[in-house]
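Asks: Have a look at the structure that comes next, please.
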Amino acid sequence: MASHSHKRTKLGVIGAGGVGSAVAYAATLRGTADEIAIYDIAGERATAEGLDIAHGSMFASEAIVYGGDDIEVLRDCDLIIVTAGARQKPGQPRLELAEANVKIFEAMLPKVMEVAPETMLMIVTNPCDVLAIVAQKITGLPTNRCFASGTTLDSSRLRWLIANKAGVAIKSVHVNIIGEHGDSEFPVWSSANIGFVPLDEWTTHGERVFTDEVKAALGEEAMKAAYRVIEGKGSTNYAIGISAARIAEAILQGEQAVLPVATQLKGYYGIHSEAAVSLPSVLSYNGVERVLEMPLNDEELQKLKNSADAISASLASLGY
Ligand code: NAD
């Protein structure tokens, strides 16, 4: 990894729960950064997760990994992935959970910015796209440096479902879920393809596979995928862990890779909204360097507007 021009990179992870530790583990395996620091108010947990991951580093990357409850562990991070949050109590409405997370952000983020004034923030804590705007307002960071992991995970889930159905490698499936990371998200079927064959024309034994019914079912399954995992193990962590690590390395390693993350919709598609929605975006050293206006048909454009409205409504109800 070391080269003459290589600037050492430091990745921070806030939250040493299921998601934060999976992010740190995936980042260590992939060599996402030279240094990975985990911060949590639960200090013993953060220290233990840091040690457990570091103990296996002989077989992973050369990253230095550690954790703790002193905000100083985050000093001079280049990018911080925020996974800290309140746990959803049984029957607790979403808005109440969002309010609890807003309070955590208001108390925590100013301290984070004091020790890491140059950092970018990637919000994973849910509702991630809503909280990305809350975090922007608290820190004053521009949207390209304060964004949400958004629908990168959801898109990966959908591609996995399509790859299985078509019997092809997941990396040869091209489709995005965009919009809100939540109920109003939607797959952009109009440009979906497998190895340049439009999805609608994909056949197996001469039969069209991805009929409207099949597409609707797959879209629904991708959107509800988390519920199935939560039923079985209480929460999701591995897939979001590797998704967030993947986004982080595109930024820290200046890849100019395109992934759907959520930034503020300032006039894209003619939609002037304060909301952050996921759209395919070019990621590099400055975070989200460009948001792409992928072709959308009228129905998809309407769905994008609905997503922006849903997120704006959440922001308003949170007083942001
Ligand atoms: P968890 O309860 O296991 O971990 C949360 C951690 O946050 C805890 O260790 C807690 O001590 C810590 N924390 C709470 N307040 C803090 C503060 N003020 N400062 C520092 N740390 C603090 O929860 P989890 O399963 O890891 O999930 C974390 C979040 O990630 C949730 O909001 C969840 O909804 C979200 N999530 C998002 C996605 C996505 O795609 N965006 C996917 C999965 C989970």
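The values are calculated or read from the model by the stated rules, or taken from the named source; none is laboratory data. Keep in mind that what you see is a predicted model, and the values were worked out from it rather than measured. Using ideal geometry, Cβ is built from the backbone for each residue, glycine included, and neighbour counts are taken over all protein chains shown. In case anyone asks, the SASA skips ligands and DNA or RNA and just uses the protein heavy atoms, side chains included. Shrake-Rupley method; radii C 1.70, N 1.55, O 1.52, S 1.80 Å.
Asks: Give the cross-link partners of Lys305 among the aspartates and glutamates, using a straight C-alpha distance below 13 Å as the criterion and excluding same-chain residues fewer than 8 apart.
Replies: Partners found: Glu180, Glu185, Glu274.
Asks: Could you sort the peptides 35-41, 164-170, 74-80, 9-15 by per-residue average Cβ neighbour count (10 Å cutoff), highest mean leading?
Replies: Packing proxy ranking, top to bottom: 9-15, 35-41, 74-80, 164-170.
Asks: Now for a separate question. Mind checking the per residue accessible area of the chain for me, 1.4 Å probe, whole number of Å²?
Replies: Value returned for the chain: 47 Å² of accessible area per residue.
Asks: Another question, if that's okay. I need the shape label for region 257-320. Rule: rounded when a/c is under 1.5, else prolate if a/b > b/c, else oblate, with a, b, c from the alpha carbon gyration tensor.
Replies: oblate
Asks: OK, next. Quickly rank 121-128, 89-96 as a protection proxy: mean count of other C-beta atoms within 10 Å, highest first.
Replies: Taking the mean over residues of other Cβ atoms within 10 Å, the ranking is 121-128, 89-96.
Asks: Met120's amide H: which non-local residues (gap 5+, or another chain) put their own amide H closer than 5 Å, with H modeled 1.01 Å from N in plane and none for Pro or chain starts?
Replies: Leu79, Ile80
Asks: Would you kindly derive the ³J(HN,Hα) couplings of region 84-95 from the backbone phi angles with the Karplus curve 6.51 cos²θ - 1.76 cosθ + 1.60 (θ = phi - 60°), listing them in order in whole Hz, with x for Gly and Pro?
Replies: 5, x, 7, 6, 6, 7, x, x, 6, x, 4, 5
Asks: Expressed as a whole percent, how much of the Cα-Cα distance distribution for region 158-197 exceeds 17 Å?
Replies: In whole percent, the long-distance tail amounts to 31.
Asks: Ordered by packing density, taken as the mean number of other Cβ atoms within 10 Å over each peptide's residues, highest first, how do 247-258, 222-233 rank?
Replies: By packing density, highest mean first, the sequence is 247-258, 222-233.
Asks: Oh, and also: Karplus couplings for region 280-291 from phi (6.51 cos²θ - 1.76 cosθ + 1.60, θ = phi - 60°), rounded to Hz, Gly and Pro as x?
Replies: Each residue of region 280-291 in turn: x, 9, 7, 10, 7, 3, 8, x, 7, 7, 7, 9 Hz.
Asks: Note the angle between two axes, namely the Cα long axis of helix 128-139 and the longest principal axis of the Cα atoms of the chain, as a number of degrees from 0 to 90, rounded to the nearest 10.
Replies: On a 0 to 90 degree scale, this one is about 40.
Asks: Let me ask you something else. Compute the angle between helix 298-317 and the longest alpha-carbon principal axis of the chain, please, reported from 0 to 90 degrees and rounded to the nearest 10.
Replies: Taking the Cα atoms of the chain, the angle to 298-317 is about 30 degrees.
Asks: Mind jotting down the distance between the C-alpha centroids of region 250-288 and region 168-199, whole Å?
Replies: 17
Asks: Can you tell me the mean projection area, over all orientations, of the convex hull of region 8-75's alpha carbons? Units nm², please.
Replies: Average of the hull's projected areas for region 8-75 equals 3.7 nm².
Asks: List the residues, sorted by chain then number, that are 5 or more residues from Ser281 or on another chain and whose placed amide H is less than 5 Å from its amide H.
Replies: Excluding prolines and chain starts, which carry no amide H, the hits are Leu259, Val261, Leu292.
Asks: Going toward the positive end of the dipole of the chain, with +1 on Lys and Arg Cβ and -1 on Asp and Glu Cβ, which of Gly85, Ala107, Thr263 do you reach last?
Replies: Farthest towards the positive end: Gly85.
Asks: Please report the carbon-and-sulfur percent of the accessible area for region 152-317; probe 1.4 Å, protein heavy atoms only, DNA, RNA and ligands left out.
Replies: Of all accessible area on region 152-317, carbon and sulfur atoms account for 52 percent.
Asks: Distances over 25 Å make up what percent of all Cα-Cα pairs in region 10-148?
Replies: So the pairs more than 25 Å apart make up 22 percent of the total in region 10-148.
Asks: Under a 10 Å cutoff between Cα atoms, tell me which one of Thr211, Thr152, Thr139 has the largest fluctuation in the Gaussian network model of the chain.
Replies: Thr211
Asks: Please list, ordered by chain and number, the residues whose modelled amide H lies under 5 Å from the amide H of Glu185; skip anything fewer than 5 residues away on the same chain.
Replies: For Glu185, whose amide H was placed from the backbone, the distant partners under 5 Å are Glu180.
Asks: Continuing with the same structure: Quick one: helix 18-30 against the long Cα principal axis of the chain, what's the angle to the nearest 10°, folded into 0 to 90?
Replies: It is inclined by approximately 90 degrees.
Asks: Considering only Gln302, Phe196, Ala316, whose Cα is most displaced toward the positive end of the charge dipole of the chain, charges sitting on Cβ of Lys, Arg (+1) and Asp, Glu (-1)?
Replies: Phe196
Asks: Which percent of Cα pairs goes in each bin when the distances of region 87-185 are cut into 10 angstrom slices starting at zero?
Replies: For region 87-185, the binned pair fractions read 15, 35, 28, 18, 4 percent.
Asks: Which one, Leu141, Ala60, Ala24, is farthest towards the positive end of the dipole of region 10-148 when Lys and Arg carry +1 and Asp and Glu -1 on their Cβ?
Replies: Positive-most Cα among the choices belongs to Leu141.
Asks: Could you work out the per residue convex hull volume over the alpha carbons of region 152-317, in cubic angstrom?
Replies: It is 130 Å³ per residue.
Asks: Determine the share of region 10-148's accessible area contributed by carbon and sulfur atoms, expressed in whole percent, with a 1.4 angstrom probe.
Replies: In region 10-148, the share of accessible area belonging to carbon and sulfur is 54 percent.
Asks: Distances longer than 23 Å among the Cα atoms of the chain: what percent of all pairs is that?
Replies: Result: 56 percent of Cα pairs exceed 23 Å.
Asks: Determine ³J(HN,Hα), in whole Hz, for all residues of region 216-221 in sequence, where each value follows from phi through the Karplus function 6.51 cos²θ - 1.76 cosθ + 1.60 and θ = phi - 60°; x replaces Gly and Pro.
Replies: 4, 5, 5, x, 5, 5
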